[in-house]
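> What follows is a single structure, and I will ask about it in a moment.
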Amino acid sequence: MSTAVDTSAAVPLPAEGDGTPLKKRLRRAERRRNLLFGALILPLALVVLVAFIWPIGSLLTIGVDNPEIHDNLPRTLAVLEDWNGSAPPDEAAFRALADELAAAKGSPAIAAIAKRLNRENAGYRSLVMKTARKLPLDAAVPAREALVAIDAQWGELATWQAIHRAGGALTPFYLLAAIDRAIDADGDIVAAPEDERIYVDVLLRTFWMSLIVTVCCLALGFPVAYLMASLSTRHSNMLMIFVLLPFWTSVLVRVAAWIVLLQNEGLVNRLLMWLGLTDSPLQLLFNRFGVYVAMVHILLPFMVLPLYSVMKGISPVYMRAALSLGCPPFRSFWKIYFPQTLPGIGAGGLLVFIMCMGYYITPALLGGPKEQMLSYFIAFYTNQTINWGMAAALSAVLLAATLLLYMVYARYLGPTRVKYMKAR
Amino acid sequence: MKHAASFLRAAVLVALGGAVGTASADITVISFGGASQKAQDKAYYAPFAKATGVKVVAGEYNGEQAKVKAMVEAGNVTWDVLEVESPELVRGCEEGLFEKIDFAQVGDKADFVPAAVNECGVGIFVWSTALAYNADRLKEAPTSWADFWNVDKFPGKRGLRKGAKYTLEFALLADGVPTSDVYKVLATPAGVDRAFAKLDKLKANIQWWEAGAQPPQLLASGDLVMSAAYNGRISAAQVEGKNLKVVWNGSIYDVDSWAIPKGSPNKADALKFIRFASQPDNQAVFSGEIAYGPVNLKAVPAIDAKVAAGLPTSPENMTGAMATDTEFWVEHGENLEQRFNAWAAR
Amino acid sequence: MEAVHNSQAPHVSFRNVQKTYDGETLIVRDLNLDIRRGEFLTLLGPSGSGKTTCLMMLAGFETPTGGEIRLDGEVINRVPPYRRNIGMVFQNYALFPHMTVADNLRFPLRVRKLAANEVEARVKRALGMVQLEAFGNRYPQQLSGGQQQRIALARALVFDPQLVLMDEPLGALDKNLRERMQLEIKHIQQNLGITVVFVTHDQSEALTMSDRIAVFNHGVIQQIDAPEALYEYPTNSFVADFIGENNALDGTVVAVAGEECDVRLDCGTVLRARTGNVGAGGRARIAVRPERVQLAGEGEGANRLDATVRELIYLGDQIRLRVELAGKHEFTIKAPISQLDRSLRPGDAIRVGLDPAHTRALDVPAAH
């Protein structure tokens, strides 16, 4: 395009037809083309924006969003702004709190306040609800006395510190909790209590299980893909159907089938006992084994397909060349064939690994608590406790881990890394 | 931020699916499915349709309040009547997810068990989580949660629901805490530690379940020797000929309630349905179908004595049983579930 | 390198070699072929004629169904390809895409566990031989087709094989480059004194490069000879047609007199020709090259025929005439411009002469 512009600049051509200069007409023609290109990608760009970038962005904001106290107790927080935090605040704070709780009474706002404060300390929910029921206060009585009379906890420093702590518009609370960290009373970031630490382990477990599944998929998928790539089209199409078969049934059906197969009195155990390989049924379900088996089964096609497409593109002549150069078959395979499959291994591995990282249904149904991965807890907070802040924070952790992984992949195995591919 | 939250809600709504878009003349009633839903159909849905001409579209969910929240906050309520457990009823009512119910339109408060009368809900039935076992597999019958923990006497895997609720109560009961003190103990950090310490002892022998249909299956197949189970599920398996037994001692009962999601387009019909389902005759039919107790006390005389003996509400079964403390779980649920998850994942 | 071989003994010999893939049709039938040490032998033939199968059997990628193949006197039917020490250049070069040029060349040397300095010296020498010293660190895809071709050649030679096989190695190059590479390969072969077996379906390539050419058809060697002999003295119609341009006139042999015979064409004219693979009384096809057809006025005593000019095509150095002759519409004559009457026009009647020394009576191939 630039050469075209250069030419017209170097050789000024007389205006033609309607008298507009050539350069201008060129620009107009190009603008029209660019508009057309824009129009062509616009639907996709919108879909990506609406279905991908926006939700992920909103998700991340929910992970730090903290509106419950900030929006519902603004006056109390304003009073507490100048508070030194070493002793319960003065009457103005009590009055503001009493007024605002009274105003929130009977609306969802009171529940939001109660729920949020309860997260700071279990028990504050009933404190708030109980207090709200007895509001509004008699204007003649000092608010402090009246509130302490309703519940002595209002007279305690910790209660006010909790309100103060929970009052920011944004909070790192969920994100920190998602990596087993908490903020203590002094505002320092500390490790969460030992019996509440879980997510770092779960994240590591998610990585580890995904790795195992990926390796198993590779070990099982590589020979299949190799076979498919070397068979005649007719036979490889048949094999392809078998590989794709799992795609045609729902995940739940496949999981249910594995339950039937692997349970104590299932087919596998009965077969093992009939063969005399074991006396009592083996525990194949509700542990790692069952989860691995089912996940490998479900994800295998995602490994086989990229491998197959890469292998299909590797001419068998390379192996012949290696043999003709004096290299024995196995070494030829390892030195010549295998390195050329690396892009497929990378793509398939990344695909399987990332899908594994988000797995939820299979471990939930086939595994025990020790097999649950990060997504399980995201679902738990989304559905069960409706703590969407926590769900968003865990999602952010999962997203960050996945992006990190992708960057490692792009750096070491990705298309840009494999230099020789570029020239193709 | 507001946009972000409402977007997530909409996304959850889409992702979770559910019963969407029904004709206005019908009402959509959502319950937990399974044997209980079948019984509801027989006792409530079909007769209600016959009596009023309002068709009941039955749907099921798994108790996810997120769905209700997403619907209500997105202003797209497609559910009219909803079966909820008691903590969700309390929380949802406080958070404005449910319509307030004028109890006078349902019946006389005095006819109902106290737990069935709520600001936003009307009780459906009394159900119980109890120790169940396969009588074909155990020579000697267990009688208490202490037996449940006794691996030497009763070797084999035990089933517990994957979650803190009930699990912690059972652990304390097994540790010798009397039913009247369970929630008092559990409200203290030391009590929580005690419950988890007791669970530690059984951990290797526990198989966790999530769906109510699992325990009877796993008991019948021999995968489990004992399990905590919903009593109605066990009685349904008994009807199918499975020799499963319930130990009522140490069982924990609760009331499931009807609630109307805020903004339901068929609120009047929904209320009519709840009133219908609260009638003694209909409640008696329900208890005949599944072993859950009626909340309307007037239904008791109408229930066959043999059936009554298998209900959580029969005086005999109430001995040694305890009621769940809804307030406690609303208050402490999040923390205890978090700690439970951390503990179970280790 | 190896023990001095008896220069009389063939380097490679095929004895009664057969190959079938499906057990029904023979791709190669009863092949007998001796390849001399140091010669450039081309296997030429249309696709499906069995030439590539022969090469693959020699390389070890295909196993003969029958017969034996000897290399330096030893039967190699069961020797796997990586133990044969035969260099090979493939159709699309088969350079390893994930290795640099230098690593491609190092590969056969490292497999042979040569010392590192020896490896480097040989790689350098090989790159020098194909004049690509500066390209060692590039990847194959960064080279042009001709450069890749040279590297493939260097790789096949770097481990000093005595026998190098080439499977249509120039097919992917454009015409000019192909012609340059033909000579380059020929020169390298001559300088190194190695034996080359070269497969192609391009007859001009075969004529340019080869010491001998074996013409394949239907799994059988039709003729094996030096390029000139093959062109001038084809022993059957297939070879006459396949190599170079040929005019064919069908008739019947009426008499055979030693090296020569008389053939009565279907139009009645009797022609004298050299006797090929025909016998008296049988059908025969007269084969004559376009450039051997004499125009009127010359070649007294030759066979003479009347013809009508149909088309004249000016080709710069020569003129090509399409004439109608002996009832045949397609008969081509090539003549240098200097020898041609420039007043000829389509429709003109001319007389042409066929010198019996360059006119051959060959078989009439069965119609397919």
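The values are calculated or read from the model by the stated rules, or taken from the named source; none is laboratory data. Every value quoted in this text rests on a predicted model; they were computed, and no experiment measured them. Cβ coordinates were reconstructed from backbone atoms using ideal geometry, including for glycine residues, and neighbour counts include every protein chain displayed.
Residue-wise test of (1) touching a helix residue (DSSP H, G or I) at 6+ places or on another chain (Cβ under 6 Å); (2) over 30 Å from residue A:264 (Cβ atoms); (3) of a type outside the set (Ser, Thr, Tyr).
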{"position": "B:238", "(1), (2), (3)": "no, no, yes"}
{"position": "B:241", "(1), (2), (3)": "no, no, yes"}
{"position": "B:251", "(1), (2), (3)": "no, no, no"}
{"position": "B:256", "(1), (2), (3)": "no, yes, yes"}
{"position": "B:265", "(1), (2), (3)": "no, yes, yes"}
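> Report whether or not residue C:75 is within 19 Å of residue A:315 (Cβ to Cβ), touching a strand residue (DSSP E or B) at 6+ places or on another chain (Cβ under 8 Å) and either facing chain A (nearest Cβ under 10 Å) or aliphatic (A, V, I, L, M) (or both).
Spelling it out, it is not the case that residue C:75 is within 19 Å of residue A:315 (Cβ to Cβ), touching a strand residue (DSSP E or B) at 6+ places or on another chain (Cβ under 8 Å) and either facing chain A (nearest Cβ under 10 Å) or aliphatic (A, V, I, L, M) (or both).
> Additional query: Quick check on my filter: what residues within the range B:147-191 are in contact (Cβ under 8 Å) with a residue 24 or more places away in the chain and among the hydroxyl-bearing types (Ser, Thr, Tyr)?
B:166, B:167, B:179, B:180, B:183
> What are the pairs, 6+ residues apart or on separate chains, where a residue within the range A:37-53 that is surrounded by 11 or more Cβ atoms within 10 Å (Cβ to Cβ) has its Cβ under 6 Å from a residue that is assigned to a helix (DSSP H, G or I)?
none
> Determine, yes or no, whether residue C:100 is in contact (Cβ under 8 Å) with a residue 12 or more places away in the chain and over 30 Å from the mean Cα position of the chain (by Cα).
yes
> Something else about it: Scan the helices (runs of 4 or more DSSP H) fully inside the range B:34-147 and keep the ones with 1 or more residues being touching a Pro at 6+ places or on another chain (Cβ under 6 Å).
Helices (runs of 4 or more DSSP H) meeting the threshold: B:65-74.
So that you can scan it fast, the table gives a plain yes or no per residue for (1) outside the structural domain of residue A:229 (by TED's automatic domain parsing); (2) part of a loop (DSSP other than H, G, I, E, B); (3) touching a residue at least 40 places away in the same chain (Cβ under 8 Å):
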| residue | (1), (2), (3) |
| --- | --- |
| A:286 | no, yes, yes |
| A:289 | no, no, no |
| A:295 | no, no, yes |
| A:298 | no, no, yes |
| A:301 | no, no, yes |
| A:311 | no, no, yes |
| A:323 | no, no, no |
| A:337 | no, no, no |
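> Take residue C:19 and tell me if it is under 20 Å from residue C:199 (Cβ atoms), away from every other protein chain (no Cβ under 14 Å) and out of contact with any Ser or Thr (no Cβ under 8 Å at 6 or more places or on another chain).
Spelling it out, it is not the case that residue C:19 is under 20 Å from residue C:199 (Cβ atoms), away from every other protein chain (no Cβ under 14 Å) and out of contact with any Ser or Thr (no Cβ under 8 Å at 6 or more places or on another chain).
> I'd like the full set of residues that are buried (at least 17 other Cβ atoms within 10 Å of the Cβ) and out of contact with any Phe, Trp or Tyr (no Cβ under 8 Å at 6 or more places or on another chain), limited to the range A:177-194.
A:181, A:192
> Residues being modelled with pLDDT under 90 and at the interface with chain B (Cβ under 9 Å from one of its Cβ atoms): count how many of those fall in the range A:382-412.
Adding up the residues that qualify gives 7.
> While we're here: Filter the range A:195-210 down to the residues that are surrounded by 15 or more Cβ atoms within 10 Å (Cβ to Cβ) and closer than 30 Å to residue A:304 by Cβ, then identify the one that is farthest from the other protein chains (Cβ to nearest Cβ).
That would be A:210.
> Would a scan of the range A:313-332 turn up a residue that is more than 8 Å from every other protein chain (Cβ to nearest Cβ) and under 24 Å from the mean Cα position of the chain (by Cα)?
The answer is no, given that none of the residues of the range A:313-332 is more than 8 Å from every other protein chain (Cβ to nearest Cβ) and under 24 Å from the mean Cα position of the chain (by Cα).
> Shifting gears a bit: For the subset of the range C:192-219 comprising residues that are among the polar types (S, T, N, Q) and touching a residue at least 12 places away in the same chain (Cβ under 8 Å), which member is surrounded by the fewest Cβ atoms within 10 Å (Cβ to Cβ)?
Once the filter is applied, the top-ranked residue is C:208.
> Let me ask something else. How many of the residues in the range A:325-335 are surrounded by fewer than 24 Cβ atoms within 10 Å (Cβ to Cβ) and not in a helix (DSSP H, G or I)?
Residues in the range A:325-335 being surrounded by fewer than 24 Cβ atoms within 10 Å (Cβ to Cβ) and not in a helix (DSSP H, G or I): 3 in total.
> Looking only at the range A:285-310, how many residues end up being surrounded by 20 or more Cβ atoms within 10 Å (Cβ to Cβ) and within 14 Å of another protein chain (Cβ to nearest Cβ)?
Residues in the range A:285-310 being surrounded by 20 or more Cβ atoms within 10 Å (Cβ to Cβ) and within 14 Å of another protein chain (Cβ to nearest Cβ): 5 in total.
> Give me the residue from the range A:62-92 that is of a type in the set (A, V, I, L, M) and assigned to a helix (DSSP H, G or I) and, out of that set, farthest from residue A:386 (Cα to Cα).
A:92
> Sticking with this structure for a sec: When the residues of the range A:361-375 are narrowed to those that are at the interface with another protein chain (Cβ under 9 Å from one of its Cβ atoms) and farther than 15 Å from residue A:289 by Cβ, which ends up surrounded by the most Cβ atoms within 10 Å (Cβ to Cβ)?
A:372
> Restricting to helices (runs of 4 or more DSSP H) lying wholly in the range A:108-159: which have 1 or more residues that are in contact (Cβ under 8 Å) with a residue 24 or more places away in the chain and at the interface with chain B (Cβ under 9 Å from one of its Cβ atoms)?
Passing ranges, in order: A:108-120, A:124-133.
> Just one of C:32, C:92 is within 13 Å of another protein chain (Cβ to nearest Cβ), outside any helix (DSSP H, G or I) and among the polar types (S, T, N, Q); which is it?
C:92
> Considering every residue within the range A:88-103, establish whether at least one is buried (at least 19 other Cβ atoms within 10 Å of the Cβ) and within 14 Å of another protein chain (Cβ to nearest Cβ).
Yes, some residue in the range A:88-103 is buried (at least 19 other Cβ atoms within 10 Å of the Cβ) and within 14 Å of another protein chain (Cβ to nearest Cβ).
> Another question, then. Given the range B:300-346, what helices (runs of 4 or more DSSP H) lie entirely inside it while holding 2 or more residues that are more than 14 Å from chain A (Cβ to nearest Cβ), closer than 20 Å to residue B:190 by Cβ and touching a Ser or Thr at 6+ places or on another chain (Cβ under 6 Å)?
none
> All but one of (1) on the phi > 0 side of the Ramachandran plot; (2) in the same structural domain as residue B:248 (by TED's automatic domain parsing) hold for residue B:75; which doesn't?
(2)
> Right, here's the next one. Which of (1) over 30 Å from residue B:149 (Cβ atoms); (2) crowded, with 24+ Cβ neighbours inside 10 Å is the odd one out, the single condition residue B:281 does not satisfy?
(2)
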